[in-house]
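Every number here is computed from the coordinates shown, using simple stated rules; none is lab data. As the structure is a prediction and not an experimental result, all values here were calculated from the model.
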Amino acid sequence: MQREQKISAGQQMTRNAAMTVPFEPHRFRSTVPYYVRYRVPDPNRLIAFVAERCGLERASHVLDLGCGPGQLAIAFARLGSAVTAIDPEPRMLAAARERAAAAGVSLKAIEGSSYDLQPDLGRFRLVTLGRSFHWMDRGATLALLDRMVERGGGTALFGDKRIEIRGVDWRPLVERLQEEFVPARAVSARASLGSRSGAARRHDRLCLNRGGRGHARCGAATIARV
């Protein structure tokens, strides 16, 4: 049976003034149906790779921080993990619960964010962040996760820079159409891609610098082990 829990406001940690992006818990409220329908899932091989590198076993505890509609949470629940999914947007959590039920898996849904992380959430073998890390106070978040991840476990950042799915090669087609019909948009897209690539490299370095027992990269995932 799926369970829902809301973290009390009194547990919210002090926000760091150096945070890059102001925290807005309902920033993505209107995007829920689009995330559900259009966000590209992470390949099963990538999920299996992360699970193997972090030593996941059945019933291992996994935290999906900034879970959105539950893609990663459900993927690891399918492996038999005990998954806790956290997101500040109630509608995202509702979508995650609905999709988990449809997939025949269970997860614990908690309304909250990286600012609500507390030791009483428990210890986790793996913490996943699926295209959400850039919205957080990254250094403070990693410092908290260092105390919540089991020895030998890890933190995995999932991005979408190099997600490759056999038989699905749509990005070059979109780029060609942009060049032909909206060249100004194509220039803007290239500039945006360069900015995101640089940000991704900074995220990777920040995460990997905290890994105590090695690290690994595979496609769209970066893993730092504790």
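Key figures for this structure:
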| read-out | value |
| --- | --- |
| Karplus (6.51, -1.76, 1.60) ³J(HN,Hα), θ = phi - 60°, over the stretch 61-78, in Hz, Gly and Pro reported as x | 8, 10, 10, 9, 9, x, 6, x, x, x, 4, 6, 4, 5, 4, 7, 5, 5 |
| Added length on full extension, which subtracts the Cα-Cα distance from 0.36 nm per residue, residue 52 to residue 39 | 2.2 nm |
| Amide H contacts under 5 Å for residue 130, placed H, 5+ residues apart | 65, 158 |
